[in-house]
Amino acid sequence: MLNYNSPLVKENSYSELSMKVINPIMKLIIRGKKREFLSGVGKAINMILPTESCTSSTSNDTTALWLSPDEWMILSNNVIDKNTNSYEQENHLINNISKINLGAVVDVTDQYVLINIEGKKIFDLLSTGCPFNFNDFRNKKGGVIQSLMAKIDIIVHHKEINNVNLLVRRSFSEHLYSFLSDAASRI
Amino acid sequence: MFLINCPFCGEREQSEFKAGGEAHISRPKQPTELSDDEWAEYLFMRKNIKGIQFERWNHSHGCRKWFNIARDTSNDQIKAVYKMGQKPPVI
Ligand SMILES: [Zn+2]
């Protein structure tokens with residue numbers, strides 16, 4: 001049994017900005033190219049993968065983020081049961097995708113840390129360390145980008161207006177979080 | 001510093017990318033028939049011209065896909081971006 005011990009248990013608020021680490025969230029990386037892969041995933045998790053670049057799609061319990069033309073990240077919308085590391089959706093995907101060699105399914109639940117940021121100043125905060133131009137992105141609900149923040153790889157998911165999920169690799173999360181809290185206290 | 005228009009993700013800053021050297025170099029079909037000099041030519045010798053150069057780039061901090069660009073090395077202007085496997089454009 002895997003032990004979900006988040007490297008970060010943090011929550012901070014600033015003026016018009018709050019950040020919180022949400023844990024545990026199911027995170028899967030799926031990769032595949034064939035048409036049967038796309039339909040197989042659709043069947044397994046009951047939603048259509050976004051094929052347009054830098055977008056996402058959401059169902060009641062799951063969100064799929066476009067990462068690359070043949071790579072997606074599947075997230076649970078809510079925190080999952082702490083006492084198990086077997087997820088229904090992962091099992092469906094393994095049976096419909098990897099077991100019949102249509103693509104790859106990898107559980108990265110413990111590899112990524114999800115930081116939720118809320119407030120009006122999200123993009124002012126991200127602009128303190130990210131080279132991406134957020135001018136159009138800030139109005140585009142559902143947008144997904146991968147970029148750098150203070151030289152750390154990040155995935156930014158524009159969940160709702162004034163609500164962004166930031167995904168970062170576990171070993172960088174503490175450094176990124178302190179960078180963000182420092183930046184947030186100054187804007 | 002310059003912007004690169006990734007064929008998959010759109011316009012991004014250069015720091016998200018890695019340069020992968022000269023494009024359109026194909027591996028010799030019969031390496032055993034080459035002389036050492038010819039093999040060294042294939043392995044190491046690259047153009048380093050002032051002007052338009054065809055290069056491979058990788059969007060390493062984004063979609064992680066490889067693609068080609070035609071870049072003017074004298075002023076970093078990018079004349080064309082095209083996907084892997086496509087023929088270099090006439091510039
Ligand atoms: Zn890209």
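What follows is calculated from the coordinates using simple rules that are stated; it is not laboratory data. Here the structure is a predicted model, which means the values were calculated and not measured. We place every Cβ from the backbone using ideal geometry, glycine too, and count neighbours over all the protein chains shown.
One table, with the values for the structure above:
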item: Peptide A:151-161 - average C-beta neighbours from other chains (10 Å radius); result: 1
item: In the range A:30-103, the GluC sites (Glu not before Pro) that fall in loop regions by DSSP, at most 10 other Cβ within 10 Å; result: A:E52
item: Furthest towards positive pole of dipole, A:V108, A:L38, A:V9, structure part chain A, Cβ charges; result: A:L38
item: Peptide B:13-20, shielding by other chains (average Cβ, 10 Å cutoff); result: 2
item: Filtered trypsin sites (Lys or Arg not before Pro), the range A:76-146: DSSP coil and at most 15 other beta carbons within 10 Å; result: A:K82, A:K120, A:K140, A:K141
item: Surrounding net charge for A:L28, when Lys and Arg each add one and Asp and Glu each subtract one, Cβ distance under 10 Å; result: -1
item: Lys, Arg +1 and Asp, Glu -1 on Cβ, resulting dipole of chain B about Cα centre, debye, nearest 20; result: 400
item: Vicinal HN-Hα couplings computed from phi for the range A:14-25 (Karplus, 6.51 cos²θ - 1.76 cosθ + 1.60; Hz; Gly/Pro x); result: 9, 5, 6, 7, 9, 10, 8, 7, 10, 7, x, 10
item: Burial ordering of A:T84, B:T73, fewest other beta-carbon atoms within 10 Å first; result: A:T84, B:T73
item: Residues A:S171, A:S181 arranged by fewest to most Cβ contacts within 10 Å; result: A:S171, A:S181
item: Amide proton proximity set for A:S53, modelled H, under 5 Å, gap of 5+; result: none
item: Structure-based [θ]222 nm, chain B - -39500 (n - 2.57) summed over DSSP H runs of at least 4, per residue, nearest 500; result: -3000 deg cm²/dmol
item: Estimated translational D of the protein assembly as shown in µm²/s (Stokes, Kirkwood radius over Cα pairs; 10 °C; 1.306 mPa s); result: 76
item: In Hz, Karplus ³J(HN,Hα) per residue of the range B:86-91 (6.51, -1.76, 1.60; θ = phi - 60°; x = Gly, Pro); result: 8, 6, x, x, 7, 10
